[in-house]
Amino acid sequence: AQTVTQSQPEMSVQEAETVTLSCTYDTSESDYYLFWYKQPPSRQMILVIRQEAYKQQNATENRFSVNFQKAAKSFSLKISDSQLGDAAMYFCAYKTSGSRLTFGEGTQLTVNP
Amino acid sequence: GAGVSQTPSNKVTEKGKYVELRCDPISGHTALYWYRQSLGQGPEFLIYFQGTGAADDSGLPNDRFFAVRPEGSVSTLKIQRTERGDSAVYLCASSPTGGTEAFFGQGTRLTVV
């Protein structure tokens, strides 16, 4: 079975600094997708960034980028120039085509002014 | 509306009662997912619909839980004989045909007292 592990229950960062959230996963599949979701107190899951496993190039979305290491089954999220609005729970998630998302336990990110 | 809509936003019920939670997906999305999120944890998969049929219901915890999607759009998650352990946020998500991104609603917080 696929599993997703986030080893950092809580992280904090100073406003305008950079923070990296860790995620590892376990799968026997070769073709899959990885995601980082943000969940603010409003509860709605918001997609931050996605990565297709067949792509070697790391995904980037403005201040958000990933470090995807397929062989190591590692998928970390880097947030640059952190803003107060980035404070939220962040979930790493995995899926294969046509199947459900498997989520990690989450990392609570605090941004200090 | 443009997004996934879930009603009610909050539901308090007494132990042993029956509840229904509704999910209205994005128009035209054929895939619909239900997840359950306990406090401080990542969402856990319950059931996945492709059109009107349940493609994967392996996440339903027991036979007190049932979900339907009779016309391939709105879905209802039904919980019989509720227990205090059923208290959680129930999230719904939808995806277009062939899509990999899931769009989430704001969830229903169910509290069983």
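How large is ³J(HN,Hα), in whole Hz, for each residue of the stretch A:39-54 in order, when computed from phi with the Karplus curve 6.51 cos²θ - 1.76 cosθ + 1.60 and θ = phi - 60°, using x for Gly and Pro?
Taking θ as phi minus 60°, the curve returns 10, x, x, 5, 5, 6, 6, 10, 5, 9, 6, 9, 9, 8, 5, 7 Hz for the stretch A:39-54.
Which of the residues in the stretch A:37-55 show a loss of at least 20 Å² in accessible area from their chain by itself to the complete set of protein chains, at a probe of 1.4 Å?
Residues shielded by partner chains are A:Y37, A:Q39, A:S42, A:R43, A:Q44, A:M45, A:L47, A:R50.
Jot down the per residue volume, in cubic angstrom and as a whole number, of the convex hull over the alpha-carbon atoms of the stretch B:20-92. Before the final figure, lay out each step's value.
On the way: hull volume 6.1 nm³, N = 73.
Value for the stretch B:20-92: 83 Å³ per residue.
How much of the accessible area of the protein assembly as shown, probe 1.4 Å, is carbon plus sulfur, in whole percent?
Numbers: 4870 of 10800 Å².
In the protein assembly as shown, the share of accessible area belonging to carbon and sulfur is 45 percent.
Find the accessible area per residue for the stretch B:1-80; the probe is 1.4 Å, ligands and nucleic acids are left out, and the unit is Å².
Numbers: 4040 Å² over 80 residues.
Per-residue value: 51 Å².
How much of the pair distance distribution for the protein assembly as shown lies past 25 Å, counting alpha-carbon pairs only, in percent? Walk me through the numbers before you get to the answer.
Numbers: 10475 of 25425 pairs.
I get 41 percent for the Cα pairs in the protein assembly as shown exceeding 25 Å.
Tell me which lysines have Cα within less than 21 Å of B:K17's Cα, excluding those fewer than 8 residues away on the same chain?
Counting by Cα, and skipping residues close in sequence, B:K17 has these lysines nearby: B:K78.
Place a label point 7 angstrom from the Cα of B:V12 along the Cα-to-Cβ direction, then list the residues of the stretch B:45-85 whose backbone nitrogen is under 17 Å away.
B:83-85
Provide the buried accessible surface between chains A and B in square angstrom, both chains summed, 1.4 Å probe, rounded to the nearest 100. Walk me through the numbers before you get to the answer.
Numbers: alone 6380 and 6150 Å², together 10800 Å².
So the total buried area for this chain pair works out to about 1700 Å².
As a test question: what accessible area, to the nearest 10 Å², does A:S42 have when a 1.4 Å probe is rolled over all protein chains in place?
60 Å²
Cross-link list A:K78/B:K11; A:K38/A:K73; A:K38/A:K70: which exceed 29 angstrom alpha carbon to alpha carbon?
Details: A:K78/B:K11 37 Å; A:K38/A:K73 21 Å; A:K38/A:K70 22 Å.
Among A:K78/B:K11; A:K38/A:K73; A:K38/A:K70, the Cα-Cα distance tops 29 Å for A:K78/B:K11.
On each of the three principal axes of the Cα atoms of the stretch A:29-113, give max minus min coordinate, whole Å, ordered largest first.
41, 24, 19
Taking amide hydrogens as modeled 1.01 Å from N in the peptide plane, which residues meet the under 5 Å criterion relative to B:Q106, leaving out close sequence neighbours?
Here B:Q6 satisfy the definition.
The values are calculated or read from the model by the stated rules, or taken from the named source; none is laboratory data. Only a predicted model underlies this, so the values are computations on that prediction, with no experimental measurement involved. Positions of Cβ are generated from backbone atoms using ideal geometry, with glycine treated the same way; all protein chains shown enter the neighbour counts. What goes into the accessible areas is simple: the full protein's heavy atoms, side chains included, and nothing from ligands, DNA or RNA. Shrake-Rupley method; radii C 1.70, N 1.55, O 1.52, S 1.80 Å.
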